[in-house]
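Have a look at the structure below, then the notes.
The values are calculated or read from the model by the stated rules, or taken from the named source; none is laboratory data. Only a predicted model underlies this, so the values are computations on that prediction, with no experimental measurement involved. Cβ sites come from the backbone with ideal geometry, for glycine too, and all protein chains shown count toward neighbours.
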Amino acid sequence: MYEEIKEKANAAVLEVLEQAKLCAGDIFVVGCSSSTVCGEGYGKASSVDIAQALFDGIYPELKSRGIYLASQCCEHLNRAIIISADAAKAAGEEPVNVVPRPKAGGSFATITYNTIDDPVAVEHIRAKAGMDIGGVLIGMHLKEVAVPLNLKNNMIGQAHITAARTRPKFIGGERAHYDDELK
């Protein structure tokens, strides 16, 4: 089961990275319910094993590109974000004092906290792209304007994956001209 989940997470993150065209220093947010991956309701079957497989499929791809992982905690921690202290500082976010656990923060956020270098929790982040595994609603942590992405790899176990990238706002009205590279 570990290998299958890891492979599916890896395939999904690679699709998002290809479509989102992120650069080193960008932030990628992941919201994840390990319970929904195994077909249960939110918080009913939190699994560090499933979270570890997801993390192992996602994080190395981000790290190798210099992209920061931001792991969204569950609602018990008000959807706080686990991120490296460097990323928090670069984003201008002040750390808050909380340590996630599988049933209070979520298994994926716990794995992130226990694995990345110099982890901190912050209350907000404005990520350039992200992936929502199991419908936990990452939108509050994306920059404006979010653009949904269509993924071929849109399921991990029983959990649906929704992904998005962001783009700059179009301003100026009908006579304005836009840079197609920024769409």
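Just a few scattered comments:
- Pairing each residue of the stretch 155-176 that is more than 30 Å from Ala12 (Cβ to Cβ) and modelled with pLDDT of 85 or more with any residue that is buried (at least 19 other Cβ atoms within 10 Å of the Cβ) and among the basic types (Lys, Arg), provided the two are 6+ apart or on different chains, yields no C-beta distance under 9 Å.
- Ala45 modelled with pLDDT under 95 and among the hydrophobic types (A, V, I, L, M, F, W, C): yes
- Residue in the stretch 26-48 that is surrounded by the fewest Cβ atoms within 10 Å (Cβ to Cβ), counting only those that are in a helix (DSSP H, G or I) and in contact with a helix residue (DSSP H, G or I) (Cβ under 7 Å, 6 or more places away or on another chain): Val48
- Pairs where the first residue, in the stretch 111-123, is farther than 16 Å from Val29 by Cβ and the second is part of a helix (DSSP H, G or I), C-beta under 9 Å, 6+ apart: Thr115/Gln52; Thr115/Phe55; Thr115/Tyr59; Asp117/Ala85; Asp117/Asp86; Asp118/Ala85; Asp118/Asp86
- When every residue of the stretch 134-146 is checked against the conditions, at least one turns out to be in a strand (DSSP E or B), modelled with pLDDT under 95 and surrounded by 14 or more Cβ atoms within 10 Å (Cβ to Cβ).
- Candidate set from the stretch 66-102 (those that are surrounded by fewer than 14 Cβ atoms within 10 Å (Cβ to Cβ) and in a loop (DSSP other than H, G, I, E, B)); member that is modelled with the lowest pLDDT: Asn78
- The C-beta contact set for the stretch 1-13 (first residue more than 15 Å from Ser47 (Cα to Cα) and at pLDDT 95 or above, second residue charged (D, E, K, R) and assigned to a helix (DSSP H, G or I), distance under 8 angstrom, 6+ apart or interchain) comprises Ala9/Asp56; Asn10/Glu61; Val13/Glu61.
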